[in-house]
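Scroll down for the structure; my scribbles are underneath it.
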Amino acid sequence: MNNPFFEAWQTPFGMPPFQDIQDDHFSDAFARGFSDHMAEIEAIANNPAPASFANTLVAFEASGQLLTKTADVFFNLVSTDTNKTLQVIEEAVSVQASNHNSNIFNHAGLFQRIKTLFNAQASLALQPDQQLLLETIYNDFVRGGAELEPGARQQTREINEQLAALETRFGHNVLAETNDFELVLTSRDELRGLPESVLTAAANEAEARGHPSGSYAFSISRSSFTPFMQFADNRPLRQTLFEAYTRCGDLGNAADNNPIAVEIAALRHRRAKIKGFESHAHYMLEDRMAGHPGKVHQLLDQIWQPAQNKAQQEAADLQARIRQEGQNFELMPWDWWYYTEKIRSERFDLNETDIKPYFALEQVRNGAFEVARALFGIEFRPAPELPTYHPDVQSYEVIDADGTLIGIFLTDYFMRPSKRGGAWMSQFRGQSHLDSNIRPIIVNCCNFPKASPCLLGLDEVATLFHELGHGLHGLLSQVRYPSQAGTNVKQDFVELPSQIFEHWATEPEVLRRYAHHYETGEVIPDNLIEKILAASTFNQGFQTSEYLAAAYLDMAWHEQPIDALSDVNALENTEMARIGLPSTIVPRYKSTYFQHIFSGDDYSAGYYAYIWAEVLDADGFEAFKEHGLFDPATAQSFRKNILERGGSKDPMALYRAFRGRDPAVQALLASRGLDDAAAVR
């Protein structure tokens with residue numbers, strides 16, 4: 001059987017030939033990819049010539065191309081359009097990849113050559129990106145265990161192998177639980193309060209799940225869960241859906257993630273101890289901007305009390321609204337969204353049903369593209385002829401102001417059972433110009449309900465802009481080395497481009513460009529824009545508190561001594577009591593479905609990165625407000641100093657080059673409406 005991964009792709013722009021790729025191709029492609037890569041590693045390590053930057057580090061960067069080519073396609077597909085066959089392959093490959101990486105980062109011969117260069121770096125006359133590459137690769141080997149004793153290296157290898165299997169299973173369990181749960185309703189009384197756009201999406205979901213006409217299905221995917229919680233008048237049903245959402249992976253069934261979360265955290269702690277670190281949090285943060293858990297807590301604590309002050313006032317307002325209706329029950333978590341929506345409508349004369357008709361998906365997407373054009377001079381040209389992996393995917397050629405091709409951009413916006421929850425940016429090919437100019441192929445994925453028209457709420461509008469911000473980071477990258485391209489930056493810097501791009505979504509000048517009524521074409525009226533802006537900091541006490549609670553929970557899992565990592569509920573309850581989280585608010589993610597921290601290592605002890613980056617993005621956006629939303633010089637500086645540089649320079653140095661100074665937290669507090677709350681002690 002011909003395997004497309006063993007051939008040069010003759011498709012336009014080197015796109016993966018999705019129509020020719022079958023599930024069975026991946027196992028063979030990975031097997032050869034691992035083998036070829038290890039042969040390349042041996043060749044570098046055994047090169048009889050003295051170690052040089054070119055024959056060691058550049059050769060290391062250029063190695064493993066078949067493996068990368070295979071993995072880029074495979075892991076995108078298991079995230080967006082998985083099936084049982086791909087999941088079985090993923091479970092095997094995750095362990096194989098762990099062993100493969102252990103073999104590389106514990107290769108004594110290769111490390112000796114890298115160490116020789118590291119020790120001689122003063123005499124190498126390296127350029128800044130080369131210097132950082134040398135430091136990063138050397139540190140990756142040291143952190144990977146290259147200098148450990150043989151017994152400790154073997155222990156680390158075994159732990160990595162176990163973690164790879166457990167983290168993969170954790171994600172599969174969350175997907176299974178998300179797909180298995182459904183709240184199917186048929187009576188009008190059960191559906192009372194739900195807007196027509198929500199009902200349309202629920203009817204489409206019911207049809208997709210095989211239910212008869214007249215049925216409406218709601219799931220624990222956020223795009224289904226949130227509008228139900230906002231609008232459904234039926235309080236017991238809100239409680240049912242809320243409890244299903246917060247018990248995902250916590251039902252004592254085959255998909256229960258409680259023992260998996262405990263085992264993952266314990267293994268990470270044990271691995272950190274072997275490597276000489278106090279905890280997994282200390283190990284992970286050594287390689288991030290924060291540097292140390294104390295710095296993370298310092299930031300979280302600085303925001304926590306202002307958020308609590310505001311949340312307490314919000315809770316009092318909600319309780320008063322309940323009493324106003326003549327009800328005598330106490331505010332519960334499943335009431336928060338519902339009564340918040342009522343107060344928003346009354347206080348600002350604003351509700352989602354007024355907003356959504358101006359935010360049809362296609363218009364929002366085009367609006368985000370227009371912001372990118374106005375800032376950076378780039379154009380997104382539809383390219384429907386390009387191969388894609390699913391009918392929902394749309395393709396674009398991204399063209400620079402001078403007419404040159406920047407790369408290919410794919411959008412995959414709709415939810416489906418074969419797709420994991422959430423929203424993310426990924427790549428089918430990363431940018432580099434090591435030997436030739438490799439142009440990136442970037443994808444944005446969301447989970448909007450598939451409806452015609454697909455009308456978005458403001459949170460979903462922000463999500464689309466957010467992911468395009470990540471996409472621009474990948475597309476506009478201009479670096480030599482693949483490992484420094486695009487979003488390959490320190491974890492607590494990666495959210496800066498995405499979060500700063502969100503700011504343009506609700507700027508009045510921008511809204512008038514793209515927010516047009518999907519039926520009449522009417523431009524969003526000024527009075528509605530004023531209401532959106534007036535309500536922009538509404539409910540931020542709640543939103544900030546639920547986010548920070550999850551960030552604290554993440555740190556608790558990864559700072560605790562190993563004997564404290566035995567009971568999920570006990571750990572959660574202890575940490576939430578320590579920070580004083582009100583009973584009316586739960587963490588944005590509870591442990592058993594906290595995929596950021598348990599489906600992989602990247603965001604473990606790193607969920608704080610969103611608020612860390614928000615300090616940067618809020619402060620950075622002030623530069624655009626000072627000089628103009630589309631000021632060419634400011635936009636060019638952001639492109640040149642942030643988006644194009646990837647991980648080729650220290651992130652704080654990049655930020656200073658753009659902003660001219662270090663960031664300050666005041667802009668973040670103001671943007672969330674917490675600056676006044678900060679003064680209330």
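The values are calculated or read from the model by the stated rules, or taken from the named source; none is laboratory data. Worth saying up front: this structure is predicted, and the values here are computed from it rather than measured. Ideal geometry is used to build each Cβ from the backbone, glycine not excepted, and the neighbour counts take in all protein chains shown.
Observations, loosely collected:
- Residue check, K273 surrounded by 15 or more Cβ atoms within 10 Å (Cβ to Cβ) and within 30 Å of T136 (Cβ to Cβ): yes
- When the stretch 209-235 is filtered for residues that are in a loop (DSSP other than H, G, I, E, B) and more than 16 Å from T178 (Cβ to Cβ), the ones remaining, listed by number, are G210, H211, P212, S213, G214, S215, A232, D233, N234.
- Which listed residue, of A633, A653, is over 22 Å from the mean Cα position of the chain (by Cα) and farther than 24 Å from K295 by Cα: A633
- Helices (runs of 4 or more DSSP H) fully within the stretch 118-208 that include at least 3 residues being farther than 24 Å from N488 by Cα and in contact with a Phe, Trp or Tyr (Cβ under 6 Å, 6 or more places away or on another chain): 196-208.
- Given (1) of a type outside the set (D, E); (2) buried (at least 16 other Cβ atoms within 10 Å of the Cβ); (3) over 25 Å from the mean Cα position of the chain (by Cα), index of the condition P128 fails: (2)
- Residue that is surrounded by the fewest Cβ atoms within 10 Å (Cβ to Cβ) [pool: residues in the stretch 548-590 that are more than 17 Å from W334 (Cα to Cα) and under 17 Å from the mean Cα position of the chain (by Cα)]: A550
- Residue in the stretch 629-641 that is surrounded by fewer than 20 Cβ atoms within 10 Å (Cβ to Cβ) and on the phi > 0 side of the Ramachandran plot present: no
- Complete set of residues in the stretch 265-295 that are part of a loop (DSSP other than H, G, I, E, B), among the small types (G, A, S) and over 22 Å from the mean Cα position of the chain (by Cα): G276, S279
- Looking across the stretch 7-18 at every residue that is of a type outside the set (D, E) and surrounded by fewer than 14 Cβ atoms within 10 Å (Cβ to Cβ), the one that is farthest from V393 (Cα to Cα) is identified as A8.
- Restricting the stretch 38-85 to residues that are within 30 Å of the chain's Cα centre (by Cα) and β-branched (V, I, T), the residue that is farthest from D435 (Cα to Cα): T85
- Flag if N527 is surrounded by fewer than 24 Cβ atoms within 10 Å (Cβ to Cβ) and either within 29 Å of A605 (Cα to Cα) or assigned by TED's automatic domain parsing to the domain that holds A290 (or both): no
- Any chance D402 is over 22 Å from H516 (Cβ atoms), acidic (D, E), under 26 Å from the mean Cα position of the chain (by Cα) and surrounded by fewer than 18 Cβ atoms within 10 Å (Cβ to Cβ): no
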